[in-house]
Amino acid sequence: MFEAFRGEFTQRVDGKARVSIPVAFRRVLEAGDSESARKRIVMVYGDSRRKFVECYNIAGAARLERKIGKLPIGSKERRMLERNMITLSATVEIDDDGRIVLPPKVREKAGITPEETAKGVETVFAGTLETFQIWKSEVYNAEILRLAEEDMASLEAGVDILSLLGDSEGS
């Protein structure tokens, strides 16, 4: 089993586009990158429908690459995944203070303008088990509320959300 990214953390991007990775997330990133003295993160900014950047530790990125590599060469699915998950990504190092510099394409994907970067802007780091997402704070707050309302509306009245797990034998 893998270490999981859990929780949500608000982090401020400074005028140099640096942001601190939450301590809890750093531990997961360290566990997933045994190859390098300086730990790294893979930031995927592909898929124009997403309003966030998906982030992987090195082990998680390698698992994703293996899954994509199993698809037939030249298939539409493989080309789409290669372009959106591999080409449109950046690998960045975490500095000794636990910070990363958000590359321009990553800031653009998250909707963070140069003016906002210069002033300092809030982001949300949201854990999603094997990955975490980086959102512009105001976009995240609106989207998480909208999605939560949609999710709850899809459940029948009185049904506990844990029922979605079904019969979870082997847990």
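The values are calculated or read from the model by the stated rules, or taken from the named source; none is laboratory data. Bear in mind the structure is a predicted one, so any value in this text is a computation, not a measurement. Note that we place each Cβ from the backbone using ideal geometry, even for glycine, and neighbour counts take in every protein chain shown.
Things to note:
- Filter result for V23 (aliphatic (A, V, I, L, M), more than 13 Å from the chain's Cα centre (by Cα) and surrounded by fewer than 15 Cβ atoms within 10 Å (Cβ to Cβ)): yes
- In the range 54-61 there is at least one residue matching the filter, namely being modelled with pLDDT of 95 or more, closer than 23 Å to L147 by Cβ and of a type in the set (D, E, K, R).
- Of all the listed residues (L102, L155), the sole one being of a type outside the set (G, A, S), in contact with a helix residue (DSSP H, G or I) (Cβ under 9 Å, 6 or more places away or on another chain) and without any contact (Cβ under 8 Å) to a residue 12 or more places away in the chain is L155.
- Exactly one residue among L81, L155, L102, L71 is touching a strand residue (DSSP E or B) at 6+ places or on another chain (Cβ under 7 Å) and surrounded by 11 or more Cβ atoms within 10 Å (Cβ to Cβ), and that residue is L102.
- Hits in the range 127-162 - residues which are in a helix (DSSP H, G or I), within 21 Å of D14 (Cβ to Cβ) and β-branched (V, I, T): V139
- Boolean, G7 is of a type outside the set (D, E), out of contact with any strand residue (DSSP E or B) (no Cβ under 8 Å at 6 or more places or on another chain) and on the phi > 0 side of the Ramachandran plot: no
- Contacts under 7 angstrom Cβ, first residue in the range 43-69 being in a helix (DSSP H, G or I), partner small (G, A, S), 6 or more apart: I58/G32; A59/G32; G60/G32
- Of the residues in the range 112-129, at least one is modelled with pLDDT of 95 or more and among the charged types (D, E, K, R).
- Tallying residues that are farther than 23 Å from A61 by Cβ, surrounded by fewer than 19 Cβ atoms within 10 Å (Cβ to Cβ) and among the aliphatic types (A, V, I, L, M) within the range 105-135 yields 1.
- The set of residues in the range 100-126 that are farther than 25 Å from V28 by Cβ and either not in a helix (DSSP H, G or I) or not aliphatic (A, V, I, L, M) (or both) comprises P104, E108, G111, T113, P114, E115, E116, T117, K119, G120.
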